[in-house]
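Quick notes on the structure that follows.
The values are calculated or read from the model by the stated rules, or taken from the named source; none is laboratory data. Since the model is a prediction, treat every value here as computed from it, not as a measurement. A quick note on method: Cβ atoms are made from the backbone with ideal geometry, for glycine too, and the neighbour counts reach across all protein chains shown. These area figures cover heavy atoms from the full protein model, side chains too; ligands, DNA and RNA do not enter into them. Shrake-Rupley method; radii C 1.70, N 1.55, O 1.52, S 1.80 Å.
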Amino acid sequence: QKAGMTLDEVFAGSEKDPGWKAAYAKADVEVRMAIQIAKARESAQLTQDQLAKAIGTTQSVISRIERADQNLTLETLSRIAGALKRDLVIHLR
């Protein structure tokens, strides 16, 4: 959340823009994962601090994850998915 805006408000309409879709598709997996985690956390109505406590880490780590500035392990992704009551699905294409 930046300046009182949710991620949904920030991205409103962007996902329909072909240029944005192309840029998103080319983004590193870390950036796409960061966006998905932040959106899922907001959807679950959890703060970064609440999610951090649920997975046994700190708010600053969650902040770095959501900025794609933190290396994620499968274990951490699994804990995040569990805390957000989501399934973690990983596949190679």
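Identify, by number, the condition in (1) under 18 Å from residue 88 (Cβ atoms); (2) of a type outside the set (D, E, K, R); (3) modelled with pLDDT of 95 or more that residue 47 doesn't meet.
Of (1) under 18 Å from residue 88 (Cβ atoms); (2) of a type outside the set (D, E, K, R); (3) modelled with pLDDT of 95 or more, only one is false for residue 47: (1).
What is the residue count in segment 1-42 for residues that are of a type in the set (Ser, Thr, Tyr) and assigned to a loop (DSSP other than H, G, I, E, B)? Working first, answer last.
Narrowing segment 1-42 to residues of a type in the set (Ser, Thr, Tyr): 6, 14, 24.
Retained after the next criterion (residues that are assigned to a loop (DSSP other than H, G, I, E, B)): 6.
Looking only at that region, the number is 1.
What is the residue count in segment 7-20 for residues that are at pLDDT 75 or above and in contact with an Asp or Glu (Cβ under 7 Å, 6 or more places away or on another chain)?
0
Taking residue 73, is it among the β-branched types (Val, Ile, Thr) and surrounded by fewer than 14 Cβ atoms within 10 Å (Cβ to Cβ)?
Details: among the β-branched types (Val, Ile, Thr): yes; surrounded by fewer than 14 Cβ atoms within 10 Å (Cβ to Cβ): yes.
Here the answer is yes, as residue 73 does meet what is asked.
Given (1) under 17 Å from residue 7 (Cα atoms); (2) open to solvent by 60 Å² or more (accessible area, probe 1.4 Å), identify the lone condition not met by residue 93.
(1)
Within the group 68, 81, which residue is outside any helix (DSSP H, G or I) and either basic (Lys, Arg) or within 12 Å of the chain's Cα centre (by Cα) (or both)? Spell out how you get there, then give the answer.
Working: 81 fails: outside any helix (DSSP H, G or I).
From the options 68, 81, the qualifying one is 68.
Please state which of the following conditions residue 76 fails to meet, knowing it meets all the rest: (1) under 14 Å from the mean Cα position of the chain (by Cα); (2) part of a loop (DSSP other than H, G, I, E, B).
(2)
For segment 43-60, what are the residues that are surrounded by fewer than 16 Cβ atoms within 10 Å (Cβ to Cβ) and not in a loop (DSSP other than H, G, I, E, B)? Walk me through how you get there before you give the answer.
Going through segment 43-60, the residues surrounded by fewer than 16 Cβ atoms within 10 Å (Cβ to Cβ) turn out to be 43-45, 47, 49-50, 53, 56, 58-60.
Within segment 43-60, 43, 49, 50, 53, 59, 60 qualify.
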